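The values are calculated or read from the model by the stated rules, or taken from the named source; none is laboratory data. Keep in mind that this is a model prediction, so the values were computed, not measured. Please note: Cβ atoms are built from the backbone with ideal geometry, for glycine as well, and neighbour counts cover all protein chains shown.
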Amino acid sequence: MELPAVLRKAREKRFALTPQEIAALLALDADADLAALFRSAYAVKCAHSGKNVSLRGLIEMGNVCAKNCLYCGIRRDNAKVERFSIAGDQVVRMAEWAYRERYGSVVIQSGEVESDEHTEFVAAIVRKIAAFSGGELSVTLSLGEQRGEVYRYWREAGARRYLLRIETSSPELYRSLHPSDHSFRRRLECLRALRELGYQVGSGVMSGLPGQSVGQLANDLLFFRDLDIDMIGMGPFVPHPDTPLGAGTPLSAELRSRQLRIGLKMIAVARLYLHDVNIAATTVLQALAPDGRERGLLAGANVLMPNITDAEYREKYRLYPDKPCIDENAGQCRGCLSLRVAGIGEAILWGQSGDSPHYLRRCGNRADIA
Ligand code: SAH
Ligand code: SF4
(Lines give C-alpha, C1' and ligand atoms only; values in the text may rest on other atoms or scores of the structure.)
(Ligands and ions follow the chains in the order given, each with its own letter.)
Protein backbone atom coordinates (compact mmCIF):
# COMPACT_ATOMS: atom_id res chain seq x y z
CA MET A 1 0.00 0.00 0.00
CA GLU A 2 1.25 3.44 -0.94
CA LEU A 3 0.22 5.18 2.31
CA PRO A 4 0.30 8.87 1.26
CA ALA A 5 -1.76 8.13 -1.88
CA VAL A 6 -4.32 6.06 0.02
CA LEU A 7 -4.68 8.75 2.69
CA ARG A 8 -5.05 11.46 0.04
CA LYS A 9 -7.78 9.49 -1.72
CA ALA A 10 -9.59 8.91 1.58
CA ARG A 11 -9.42 12.60 2.51
CA GLU A 12 -10.87 13.70 -0.80
CA LYS A 13 -13.99 11.56 -0.85
CA ARG A 14 -15.97 9.47 1.60
CA PHE A 15 -16.32 5.73 0.93
CA ALA A 16 -13.23 5.92 -1.30
CA LEU A 17 -11.33 3.18 0.53
CA THR A 18 -11.63 -0.47 -0.47
CA PRO A 19 -12.18 -3.07 2.27
CA GLN A 20 -8.58 -4.20 1.77
CA GLU A 21 -7.29 -0.65 2.22
CA ILE A 22 -9.40 -0.21 5.36
CA ALA A 23 -7.94 -3.40 6.79
CA ALA A 24 -4.41 -2.32 5.80
CA LEU A 25 -4.86 1.05 7.56
CA LEU A 26 -6.12 -0.73 10.67
CA ALA A 27 -3.03 -2.93 10.62
CA LEU A 28 -0.56 0.00 10.54
CA ASP A 29 1.86 -0.11 13.43
CA ALA A 30 4.88 2.13 12.82
CA ASP A 31 4.70 5.39 14.78
CA ALA A 32 5.30 7.55 11.68
CA ASP A 33 2.50 5.78 9.76
CA LEU A 34 0.10 6.18 12.66
CA ALA A 35 0.94 9.87 12.96
CA ALA A 36 0.17 10.32 9.24
CA LEU A 37 -3.10 8.37 9.63
CA PHE A 38 -4.25 10.46 12.60
CA ARG A 39 -3.27 13.72 10.89
CA SER A 40 -5.33 12.85 7.82
CA ALA A 41 -8.35 11.85 9.89
CA TYR A 42 -8.08 15.05 11.92
CA ALA A 43 -8.03 17.11 8.71
CA VAL A 44 -11.28 15.44 7.56
CA LYS A 45 -12.85 16.06 10.97
CA CYS A 46 -11.86 19.75 10.80
CA ALA A 47 -13.33 20.05 7.29
CA HIS A 48 -16.70 18.82 8.59
CA SER A 49 -16.98 20.31 12.05
CA GLY A 50 -14.07 22.70 12.47
CA LYS A 51 -11.81 22.68 15.51
CA ASN A 52 -14.84 22.10 17.68
CA VAL A 53 -16.02 19.51 20.14
CA SER A 54 -19.67 18.74 20.96
CA LEU A 55 -20.60 17.63 24.45
CA ARG A 56 -23.10 15.12 25.72
CA GLY A 57 -23.56 14.98 29.48
CA LEU A 58 -23.67 11.29 30.37
CA ILE A 59 -26.15 10.19 33.04
CA GLU A 60 -25.60 6.62 34.19
CA MET A 61 -29.16 6.05 35.36
CA GLY A 62 -28.92 2.54 36.77
CA ASN A 63 -26.90 -0.66 36.71
CA VAL A 64 -29.73 -3.18 36.91
CA CYS A 65 -29.43 -5.34 33.80
CA ALA A 66 -31.34 -8.35 32.55
CA LYS A 67 -28.54 -9.27 30.18
CA ASN A 68 -25.39 -11.24 30.69
CA CYS A 69 -22.93 -10.03 28.05
CA LEU A 70 -19.71 -11.92 28.73
CA TYR A 71 -17.50 -8.79 28.77
CA CYS A 72 -19.51 -6.36 30.88
CA GLY A 73 -18.91 -5.56 34.54
CA ILE A 74 -22.59 -4.99 35.33
CA ARG A 75 -23.86 -8.19 33.68
CA ARG A 76 -26.71 -9.85 35.53
CA ASP A 77 -24.63 -12.64 37.05
CA ASN A 78 -21.95 -10.43 38.55
CA ALA A 79 -23.00 -10.77 42.18
CA LYS A 80 -20.25 -8.40 43.35
CA VAL A 81 -22.08 -5.38 41.94
CA GLU A 82 -24.28 -3.39 44.28
CA ARG A 83 -27.28 -2.49 42.13
CA PHE A 84 -28.80 1.00 41.99
CA SER A 85 -31.51 2.85 40.05
CA ILE A 86 -31.56 6.62 40.30
CA ALA A 87 -34.96 8.17 41.01
CA GLY A 88 -36.64 9.92 38.07
CA ASP A 89 -36.59 13.34 39.72
CA GLN A 90 -32.90 13.03 40.43
CA VAL A 91 -32.20 12.14 36.78
CA VAL A 92 -34.17 15.22 35.74
CA ARG A 93 -32.16 17.34 38.19
CA MET A 94 -28.91 16.13 36.62
CA ALA A 95 -30.29 17.06 33.19
CA GLU A 96 -31.30 20.50 34.53
CA TRP A 97 -27.76 20.99 35.74
CA ALA A 98 -26.45 20.06 32.27
CA TYR A 99 -28.86 22.53 30.68
CA ARG A 100 -27.83 25.34 33.03
CA GLU A 101 -24.18 24.59 32.34
CA ARG A 102 -24.93 24.80 28.59
CA TYR A 103 -24.17 21.21 27.66
CA GLY A 104 -26.69 21.20 24.79
CA SER A 105 -27.41 17.51 25.04
CA VAL A 106 -27.54 14.59 27.48
CA VAL A 107 -27.24 10.83 27.13
CA ILE A 108 -29.25 8.67 29.51
CA GLN A 109 -27.71 5.22 29.77
CA SER A 110 -28.37 2.14 31.89
CA GLY A 111 -28.43 -1.62 31.96
CA GLU A 112 -31.18 -3.24 29.96
CA VAL A 113 -34.63 -3.38 31.56
CA GLU A 114 -37.75 -4.28 29.62
CA SER A 115 -41.01 -3.64 31.45
CA ASP A 116 -44.07 -1.42 31.17
CA GLU A 117 -43.09 0.33 34.36
CA HIS A 118 -39.63 1.12 33.03
CA THR A 119 -41.08 2.32 29.73
CA GLU A 120 -43.28 4.82 31.59
CA PHE A 121 -40.47 5.80 33.94
CA VAL A 122 -38.20 6.72 31.03
CA ALA A 123 -40.95 8.49 29.08
CA ALA A 124 -41.77 10.65 32.12
CA ILE A 125 -38.11 11.72 32.43
CA VAL A 126 -37.87 12.53 28.73
CA ARG A 127 -41.09 14.58 28.86
CA LYS A 128 -39.87 16.56 31.87
CA ILE A 129 -36.56 17.34 30.17
CA ALA A 130 -38.37 18.48 27.02
CA ALA A 131 -40.67 20.64 29.17
CA PHE A 132 -38.08 22.47 31.27
CA SER A 133 -35.76 23.09 28.31
CA GLY A 134 -38.51 23.92 25.81
CA GLY A 135 -37.12 21.06 23.70
CA GLU A 136 -33.67 22.67 23.59
CA LEU A 137 -31.77 20.03 25.53
CA SER A 138 -31.38 17.15 23.14
CA VAL A 139 -31.94 13.72 24.72
CA THR A 140 -30.12 10.58 23.62
CA LEU A 141 -31.21 7.28 25.11
CA SER A 142 -28.90 4.30 25.47
CA LEU A 143 -31.11 1.74 27.17
CA GLY A 144 -30.48 -1.37 25.11
CA GLU A 145 -32.86 -3.51 23.11
CA GLN A 146 -36.56 -2.74 23.39
CA ARG A 147 -39.72 -3.48 21.43
CA GLY A 148 -40.42 -1.18 18.48
CA GLU A 149 -43.46 0.30 20.21
CA VAL A 150 -41.33 1.24 23.22
CA TYR A 151 -38.86 3.05 20.98
CA ARG A 152 -41.83 4.80 19.35
CA TYR A 153 -43.27 5.82 22.71
CA TRP A 154 -39.97 7.33 23.85
CA ARG A 155 -39.55 9.11 20.52
CA GLU A 156 -43.02 10.60 20.93
CA ALA A 157 -42.10 11.65 24.46
CA GLY A 158 -39.27 13.71 22.96
CA ALA A 159 -36.16 11.52 22.67
CA ARG A 160 -34.25 12.41 19.52
CA ARG A 161 -31.30 10.09 19.47
CA TYR A 162 -30.56 6.51 20.41
CA LEU A 163 -27.26 4.73 20.93
CA LEU A 164 -27.15 0.98 20.49
CA ARG A 165 -23.83 -0.60 19.70
CA ILE A 166 -23.87 -3.64 17.49
CA GLU A 167 -20.68 -4.58 19.41
CA THR A 168 -19.34 -6.43 16.35
CA SER A 169 -20.82 -6.82 12.89
CA SER A 170 -19.65 -10.43 12.77
CA PRO A 171 -22.49 -12.76 13.90
CA GLU A 172 -19.91 -15.44 14.79
CA LEU A 173 -17.83 -13.12 16.94
CA TYR A 174 -21.05 -11.77 18.49
CA ARG A 175 -21.96 -15.32 19.49
CA SER A 176 -18.63 -15.77 21.23
CA LEU A 177 -19.23 -12.63 23.33
CA HIS A 178 -22.76 -13.38 24.49
CA PRO A 179 -24.79 -16.20 26.03
CA SER A 180 -26.83 -18.17 23.50
CA ASP A 181 -30.10 -16.37 24.27
CA HIS A 182 -28.65 -12.97 23.22
CA SER A 183 -29.55 -12.38 19.60
CA PHE A 184 -27.45 -10.58 17.00
CA ARG A 185 -30.49 -10.49 14.74
CA ARG A 186 -32.63 -8.75 17.33
CA ARG A 187 -29.96 -6.08 17.87
CA LEU A 188 -29.90 -5.46 14.15
CA GLU A 189 -33.69 -5.26 14.01
CA CYS A 190 -33.63 -2.75 16.86
CA LEU A 191 -31.19 -0.54 14.93
CA ARG A 192 -33.43 -0.68 11.87
CA ALA A 193 -36.54 0.11 13.92
CA LEU A 194 -34.83 3.13 15.50
CA ARG A 195 -33.87 4.40 12.10
CA GLU A 196 -37.43 4.04 10.78
CA LEU A 197 -38.82 5.93 13.75
CA GLY A 198 -36.73 8.96 12.83
CA TYR A 199 -34.15 8.74 15.58
CA GLN A 200 -30.67 10.01 14.99
CA VAL A 201 -29.05 6.61 15.32
CA GLY A 202 -25.72 5.85 16.92
CA SER A 203 -23.97 2.55 16.96
CA GLY A 204 -20.52 1.22 17.62
CA VAL A 205 -18.32 -1.74 18.27
CA MET A 206 -15.61 -2.83 20.63
CA SER A 207 -12.15 -3.21 19.16
CA GLY A 208 -9.32 -5.42 20.35
CA LEU A 209 -11.68 -8.27 21.29
CA PRO A 210 -10.24 -11.76 21.77
CA GLY A 211 -10.11 -13.45 18.38
CA GLN A 212 -11.04 -10.31 16.42
CA SER A 213 -9.25 -9.69 13.10
CA VAL A 214 -8.61 -6.41 11.24
CA GLY A 215 -10.82 -7.85 8.49
CA GLN A 216 -13.72 -8.01 10.95
CA LEU A 217 -13.02 -4.46 12.12
CA ALA A 218 -12.97 -3.32 8.50
CA ASN A 219 -16.37 -4.98 8.07
CA ASP A 220 -17.62 -3.05 11.10
CA LEU A 221 -16.89 0.21 9.27
CA LEU A 222 -18.64 -1.08 6.13
CA PHE A 223 -21.57 -2.02 8.37
CA PHE A 224 -21.83 1.60 9.62
CA ARG A 225 -21.95 2.77 6.03
CA ASP A 226 -24.58 0.18 5.01
CA LEU A 227 -26.81 1.08 7.95
CA ASP A 228 -26.30 4.78 7.25
CA ILE A 229 -25.38 5.33 10.90
CA ASP A 230 -25.35 8.98 12.10
CA MET A 231 -23.17 8.71 15.19
CA ILE A 232 -20.48 6.35 16.34
CA GLY A 233 -19.53 5.55 19.92
CA MET A 234 -16.94 2.82 19.97
CA GLY A 235 -13.98 1.90 22.07
CA PRO A 236 -11.50 -0.80 22.86
CA PHE A 237 -12.44 -3.78 24.97
CA VAL A 238 -11.03 -3.58 28.49
CA PRO A 239 -11.03 -6.92 30.33
CA HIS A 240 -13.07 -6.79 33.54
CA PRO A 241 -11.81 -9.32 36.13
CA ASP A 242 -15.32 -10.26 37.31
CA THR A 243 -16.56 -11.33 33.87
CA PRO A 244 -16.13 -14.56 31.87
CA LEU A 245 -14.32 -12.75 29.05
CA GLY A 246 -12.08 -10.62 31.22
CA ALA A 247 -11.13 -12.99 34.05
CA GLY A 248 -7.49 -13.98 33.95
CA THR A 249 -6.41 -11.16 31.64
CA PRO A 250 -4.65 -8.53 33.74
CA LEU A 251 -4.63 -5.05 32.29
CA SER A 252 -0.85 -4.80 31.80
CA ALA A 253 0.87 -1.69 30.49
CA GLU A 254 1.47 -3.51 27.22
CA LEU A 255 -2.21 -4.45 26.86
CA ARG A 256 -3.30 -0.91 27.70
CA SER A 257 -1.16 0.55 24.96
CA ARG A 258 -2.26 -2.09 22.43
CA GLN A 259 -5.95 -1.50 23.19
CA LEU A 260 -5.57 2.28 23.05
CA ARG A 261 -3.80 2.00 19.73
CA ILE A 262 -6.51 -0.10 18.07
CA GLY A 263 -9.19 2.19 19.54
CA LEU A 264 -7.52 5.26 18.05
CA LYS A 265 -7.00 3.56 14.70
CA MET A 266 -10.70 2.67 14.51
CA ILE A 267 -11.65 6.31 15.13
CA ALA A 268 -9.24 7.54 12.48
CA VAL A 269 -10.24 5.07 9.79
CA ALA A 270 -13.96 5.58 10.56
CA ARG A 271 -13.45 9.31 10.04
CA LEU A 272 -11.52 8.77 6.81
CA TYR A 273 -14.12 6.39 5.45
CA LEU A 274 -17.40 7.95 6.60
CA HIS A 275 -16.40 11.65 6.82
CA ASP A 276 -19.50 13.38 8.22
CA VAL A 277 -20.74 11.23 11.12
CA ASN A 278 -20.36 12.26 14.75
CA ILE A 279 -17.68 10.18 16.42
CA ALA A 280 -17.19 10.13 20.19
CA ALA A 281 -13.85 9.93 21.95
CA THR A 282 -15.31 7.58 24.55
CA THR A 283 -14.34 7.55 28.21
CA VAL A 284 -12.81 4.10 27.91
CA LEU A 285 -9.86 5.72 26.09
CA GLN A 286 -9.10 7.65 29.26
CA ALA A 287 -9.20 4.42 31.26
CA LEU A 288 -6.26 3.28 29.13
CA ALA A 289 -4.23 6.50 29.18
CA PRO A 290 -4.73 9.80 31.04
CA ASP A 291 -4.79 11.73 27.75
CA GLY A 292 -6.72 9.01 25.87
CA ARG A 293 -9.73 11.15 25.02
CA GLU A 294 -7.65 14.07 23.73
CA ARG A 295 -5.80 11.60 21.55
CA GLY A 296 -9.18 10.37 20.31
CA LEU A 297 -10.09 13.94 19.32
CA LEU A 298 -6.78 14.34 17.50
CA ALA A 299 -7.45 11.06 15.67
CA GLY A 300 -10.72 12.38 14.24
CA ALA A 301 -13.41 12.24 16.96
CA ASN A 302 -15.59 15.33 17.52
CA VAL A 303 -17.74 14.43 20.54
CA LEU A 304 -17.00 14.02 24.24
CA MET A 305 -19.37 12.50 26.77
CA PRO A 306 -18.41 13.85 30.18
CA ASN A 307 -20.00 12.00 33.05
CA ILE A 308 -22.51 14.18 34.90
CA THR A 309 -23.87 11.45 37.18
CA ASP A 310 -23.71 12.26 40.89
CA ALA A 311 -20.42 10.94 42.27
CA GLU A 312 -22.11 8.49 44.70
CA TYR A 313 -23.27 6.28 41.79
CA ARG A 314 -20.23 6.34 39.55
CA GLU A 315 -18.32 3.66 41.37
CA LYS A 316 -21.20 1.20 40.89
CA TYR A 317 -21.50 1.69 37.13
CA ARG A 318 -18.30 -0.04 36.13
CA LEU A 319 -18.60 -1.69 32.75
CA TYR A 320 -14.81 -2.02 32.62
CA PRO A 321 -12.04 -1.53 35.21
CA ASP A 322 -10.03 1.66 35.79
CA LYS A 323 -12.97 3.88 34.91
CA PRO A 324 -11.68 7.45 35.29
CA CYS A 325 -13.16 10.30 37.36
CA ILE A 326 -15.27 8.10 39.64
CA ASP A 327 -14.67 10.35 42.62
CA GLU A 328 -15.27 13.64 40.83
CA ASN A 329 -18.50 15.55 40.63
CA ALA A 330 -19.99 16.96 37.45
CA GLY A 331 -18.64 20.47 38.11
CA GLN A 332 -15.08 19.19 38.42
CA CYS A 333 -15.47 17.23 35.18
CA ARG A 334 -16.65 20.37 33.40
CA GLY A 335 -13.61 22.39 34.45
CA CYS A 336 -11.17 19.58 33.73
CA LEU A 337 -12.60 18.95 30.26
CA SER A 338 -12.54 22.59 29.24
CA LEU A 339 -8.83 22.68 30.01
CA ARG A 340 -8.11 19.43 28.23
CA VAL A 341 -9.94 20.51 25.09
CA ALA A 342 -8.32 23.96 25.07
CA GLY A 343 -4.96 22.23 25.56
CA ILE A 344 -5.20 20.63 22.13
CA GLY A 345 -6.39 23.84 20.44
CA GLU A 346 -10.05 22.86 20.14
CA ALA A 347 -13.14 24.69 21.39
CA ILE A 348 -16.25 23.29 23.09
CA LEU A 349 -19.56 24.09 21.40
CA TRP A 350 -21.38 25.18 24.56
CA GLY A 351 -25.17 25.30 24.36
CA GLN A 352 -25.42 23.54 21.01
CA SER A 353 -27.14 20.21 20.54
CA GLY A 354 -24.44 19.12 18.09
CA ASP A 355 -26.52 17.17 15.58
CA SER A 356 -24.60 14.80 13.37
CA PRO A 357 -23.79 16.58 10.06
CA HIS A 358 -24.57 13.26 8.41
CA TYR A 359 -28.05 13.21 9.93
CA LEU A 360 -28.75 16.79 8.91
CA ARG A 361 -27.64 16.00 5.41
CA ARG A 362 -29.79 12.92 5.04
CA CYS A 363 -32.76 14.89 6.36
CA GLY A 364 -32.15 17.70 3.89
CA ASN A 365 -30.58 19.96 6.53
CA ARG A 366 -33.86 20.23 8.38
CA ALA A 367 -32.68 20.68 11.96
CA ASP A 368 -36.33 21.23 12.97
CA ILE A 369 -37.13 17.56 12.61
CA ALA A 370 -34.10 16.48 14.59
N1 SAH B 1 -27.05 -1.72 28.33
C2 SAH B 1 -26.91 -0.85 27.22
C3 SAH B 1 -26.07 0.39 27.49
C4 SAH B 1 -24.97 0.26 28.50
S5 SAH B 1 -23.60 -0.74 28.03
C6 SAH B 1 -26.36 -1.61 26.03
O7 SAH B 1 -25.74 -2.64 26.23
O8 SAH B 1 -26.58 -1.16 24.91
C9 SAH B 1 -22.72 0.39 26.97
C10 SAH B 1 -21.57 -0.20 26.22
O11 SAH B 1 -20.48 -0.49 27.10
C12 SAH B 1 -21.81 -1.51 25.52
O13 SAH B 1 -22.47 -1.31 24.31
C14 SAH B 1 -20.38 -2.07 25.37
O15 SAH B 1 -19.88 -1.82 24.06
C16 SAH B 1 -19.56 -1.27 26.38
N17 SAH B 1 -18.82 -2.16 27.27
C18 SAH B 1 -19.33 -3.05 28.15
N19 SAH B 1 -18.33 -3.74 28.75
C20 SAH B 1 -17.17 -3.30 28.25
C21 SAH B 1 -15.78 -3.66 28.44
N22 SAH B 1 -15.41 -4.60 29.31
N23 SAH B 1 -14.86 -2.97 27.73
C24 SAH B 1 -15.22 -2.00 26.87
N25 SAH B 1 -16.50 -1.63 26.63
C26 SAH B 1 -17.47 -2.28 27.31
FE1 SF4 C 1 -26.20 -5.10 30.25
FE2 SF4 C 1 -25.35 -3.38 28.33
FE3 SF4 C 1 -23.64 -4.58 30.06
FE4 SF4 C 1 -24.80 -6.08 28.19
S5 SF4 C 1 -23.37 -4.35 27.83
S6 SF4 C 1 -24.58 -6.62 30.35
S7 SF4 C 1 -26.80 -5.10 28.09
S8 SF4 C 1 -25.23 -3.11 30.55
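Odds and ends about this structure:
- Pairs where the first residue, in the stretch 122-136, is on the phi > 0 side of the Ramachandran plot and the second is not in a helix (DSSP H, G or I), C-beta under 7 Å, 6+ apart: Gly135/Gly158
- Checking Ser110 against (1) crowded, with 22+ Cβ neighbours inside 10 Å; (2) more than 13 Å from ligand 1 (Cβ to nearest atom), the condition it does not meet: (2)
- Among residues of the stretch 99-118 that are on the phi > 0 side of the Ramachandran plot, those with a beta-carbon under 7 Å from a residue that is part of a strand (DSSP E or B) and not hydroxyl-bearing (Ser, Thr, Tyr) at least six positions away or on a different chain give the pairs Gly104/Leu55.
- In this structure, Val126 does not qualify as in contact with a strand residue (DSSP E or B) (Cβ under 8 Å, 6 or more places away or on another chain) and within 16 Å of ligand 1 (Cβ to nearest atom).
This table checks each residue for (1) outside any loop (DSSP other than H, G, I, E, B); (2) of a type in the set (Phe, Trp, Tyr).
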{"position": "Leu285", "(1), (2)": "yes, no"}
{"position": "Leu297", "(1), (2)": "yes, no"}
{"position": "Lys316", "(1), (2)": "no, no"}
{"position": "Lys323", "(1), (2)": "no, no"}
{"position": "Arg334", "(1), (2)": "yes, no"}
{"position": "Ala342", "(1), (2)": "yes, no"}
{"position": "Gly345", "(1), (2)": "no, no"}
{"position": "Trp350", "(1), (2)": "no, yes"}
{"position": "Asp355", "(1), (2)": "no, no"}
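- The set of residues from the stretch 151-167 being within 15 Å of ligand 2 (Cβ to nearest atom) and buried (at least 20 other Cβ atoms within 10 Å of the Cβ) comprises Tyr162, Leu163, Leu164, Ile166, Glu167.
- The set of residues in the stretch 320-343 being touching a strand residue (DSSP E or B) at 6+ places or on another chain (Cβ under 7 Å) and without any contact (Cβ under 8 Å) to a residue 12 or more places away in the chain consists of Ser338 alone.
- Any chance Gly148 is away from ligand 2 (no atom under 16 Å from the Cβ) and modelled with pLDDT under 95: no
Here is a yes/no grid of residues against (1) within 14 Å of the chain's Cα centre (by Cα); (2) crowded, with 18+ Cβ neighbours inside 10 Å:
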site: Gln259; (1), (2): no, yes
site: Ile262; (1), (2): no, yes
site: Met266; (1), (2): yes, yes
site: Leu288; (1), (2): no, yes
site: Arg295; (1), (2): no, yes
site: Ala299; (1), (2): no, yes
site: Ile308; (1), (2): no, yes
site: Asn329; (1), (2): no, no
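- Hey, Ser170 more than 10 Å from ligand 1 (Cβ to nearest atom), in contact (Cβ under 8 Å) with a residue 12 or more places away in the chain and crowded, with 22+ Cβ neighbours inside 10 Å or not: yes
- Test: residue in the stretch 64-73 that is farther than 21 Å from Gly233 by Cα, buried (at least 16 other Cβ atoms within 10 Å of the Cβ) and more than 14 Å from ligand 1 (Cβ to nearest atom): no
- Qualifying residue in the stretch 121-135 (condition: in a loop (DSSP other than H, G, I, E, B), within 16 Å of ligand 2 (Cβ to nearest atom) and at pLDDT 95 or above): no
- Under the condition of being in contact with a Gly (Cβ under 7 Å, 6 or more places away or on another chain) and surrounded by 19 or more Cβ atoms within 10 Å (Cβ to Cβ), the residues counted in the stretch 117-128 number 2.
- All positions within the stretch 218-254 that are within 16 Å of ligand 2 (Cβ to nearest atom), over 20 Å from Lys265 (Cβ atoms) and surrounded by 14 or more Cβ atoms within 10 Å (Cβ to Cβ): His240, Asp242, Thr243, Pro244, Leu245, Gly246
- Residues of the stretch 195-236 satisfying the condition of being among the aromatic types (Phe, Trp, Tyr) and under 18 Å from Met305 (Cα atoms): none
- Matching entry among Val341, Val303 (being within 19 Å of the chain's Cα centre (by Cα), under 19 Å from Ala280 (Cα atoms) and more than 16 Å from ligand 1 (Cβ to nearest atom)): Val341
- Residue selected from the stretch 30-62 under the condition without any contact (Cβ under 8 Å) to a residue 60 or more places away in the chain and among the acidic types (Asp, Glu), by the criterion surrounded by the most Cβ atoms within 10 Å (Cβ to Cβ): Asp33
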